[in-house]
Amino acid sequence: MSEATGSAATAAPSQDEENAAVEAVIRHHVFALNSADEDAIAADWAPSGMLVDAFPPFVWEGDSPTRAWWKDLQAAIGSVGLTTVEFELGEWQRIYVAGDHAYAAVYARALVSGPELAVEARGTWTFALARSGEQWRIVSWNWGGPPNTPVQR
């Protein structure tokens, strides 16, 4: 308790706590993607954002870009007989928190599959986040990596 104010002092979160909070948002986002929960996917994002991915139109931005991206992803995979996508996070390359802004990069894998075909994408998924009140929200993500490869079924 502070003698001057009579209130308990609140310590700033440690760097490890900040990193864990950023990582938790990204892990939740992957869970929402794997659950195909469009509302939960959108809830992890700031009101306006931008994402870049390796299929046309390549950039989605503005209010709720994840909803347009999800619709375009489903159309893209459906056009080649694929039906589901599953994301998996690998080793974290970096999490950097600076005040109310954060950057994270993680190796990742996406497995897109259908009844007769599966395709794997491996790459680096980078995220920019901003703190809104006490919550971290994604403002941007980018998927980058080599071309997709067919997977033996």
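The values are calculated or read from the model by the stated rules, or taken from the named source; none is laboratory data. In this text the structure is predicted, and so the values were computed from the model without any measurement. Cβ sites come from the backbone with ideal geometry, for glycine too, and all protein chains shown count toward neighbours. Note: areas computed on protein heavy atoms with side chains; ligands, DNA, RNA excluded. Shrake-Rupley method; radii C 1.70, N 1.55, O 1.52, S 1.80 Å.
Across the range 80-147, counting alpha-carbon atoms alone, Rg and Dmax equal 14.8, 48 Å.
Relative contact order, whole percent, for the range 38-153 stands at 24, derived from Cα pairs under 8 Å and 6 or more residues apart. Between THR124, PRO150, MET50, the Cα set farthest toward the positive side of the dipole of the chain (charges on each charged residue's Cβ, about the Cα centre) is that of PRO150. Summed over the residues of the range 13-126 and divided among them, the accessible surface reaches 52 Å² per residue at a probe radius of 1.4 Å. If you take all other residues with their beta carbon under 13 Å from the beta carbon of GLN15, and give Lys and Arg +1 and Asp and Glu -1, the sum is -3.
Among SER64, SER132, SER14, the largest mean-square fluctuation in a Gaussian network model of the chain, built with springs joining Cα atoms closer than 10 Å, belongs to SER14.
Annotation: Cα Rg of the chain relative to the compact-globule expectation 2.2 N^0.38 Å equals 1.21. Taking other residues whose beta carbon is less than 15 angstrom from the beta carbon of ALA75, and scoring Lys, Arg as +1 and Asp, Glu as -1, yields -1. The portion of the accessible surface of the chain made up by carbon and sulfur, rounded to a whole percent, is 54 (1.4 Å probe; DNA, RNA and ligands excluded).
For SER64, nonlocal amide neighbours, meaning residues 5 or more places apart or on other chains whose placed amide H falls under 5 Å from its own, are GLY49.
Backbone phi angles across the range 110-127, fed through the Karplus curve with coefficients 6.51, -1.76 and 1.60 (θ = phi - 60°), yield HN-Hα couplings of 10, 10, 10, 9, x, x, 10, 8, 9, 10, 10, 10, 10, x, 10, 10, 10, 10 Hz in residue order; Gly and Pro are listed as x.
In a shell of Cβ-Cβ distance under 13 Å around TRP60, excluding TRP60 itself, what net charge do Lys and Arg (+1) and Asp and Glu (-1) give? Charge balance near TRP60 sits at -2.
Which listed residue (VAL112, ILE77, ILE95) has the Cα farthest towards the positive end of the charge dipole for the range 69-123, taking +1 on Lys and Arg C-beta and -1 on Asp and Glu C-beta about the Cα centre? Checking the options against the dipole of the range 69-123, the answer is ILE95. How about the range 54-88: which chymotrypsin sites (Phe, Trp or Tyr not before Pro) there lie in a loop by DSSP and see at most 10 other Cβ atoms within 10 Å? Filter output for the range 54-88: PHE58.
The amide H of ASP44, built 1.01 Å from its N in the peptide plane, has no neighbour under 5 Å, considering only residues 5 or more places off or on other chains. Between the Cα long axis of helix 65-78 and the first principal axis of the chain there is an angle of about 20°, rounded to the nearest 10. Sequence-ordered 3J(HN,Hα) estimates for the range 128-137 from the Karplus curve with 6.51, -1.76 and 1.60 and θ = phi - 60° stand at 10, 10, 9, 7, 10, x, 9, 9, 7, 10 Hz, glycine and proline given as x. Taking the longest Cα principal axis of the chain as reference, the axis of helix 15-34 is set at about 30 degrees. Basic side chains Lys and Arg get +1 at the Cβ, acidic Asp and Glu get -1 at the Cβ, and with that the dipole of the chain about its Cα centre reaches some 400 debye.
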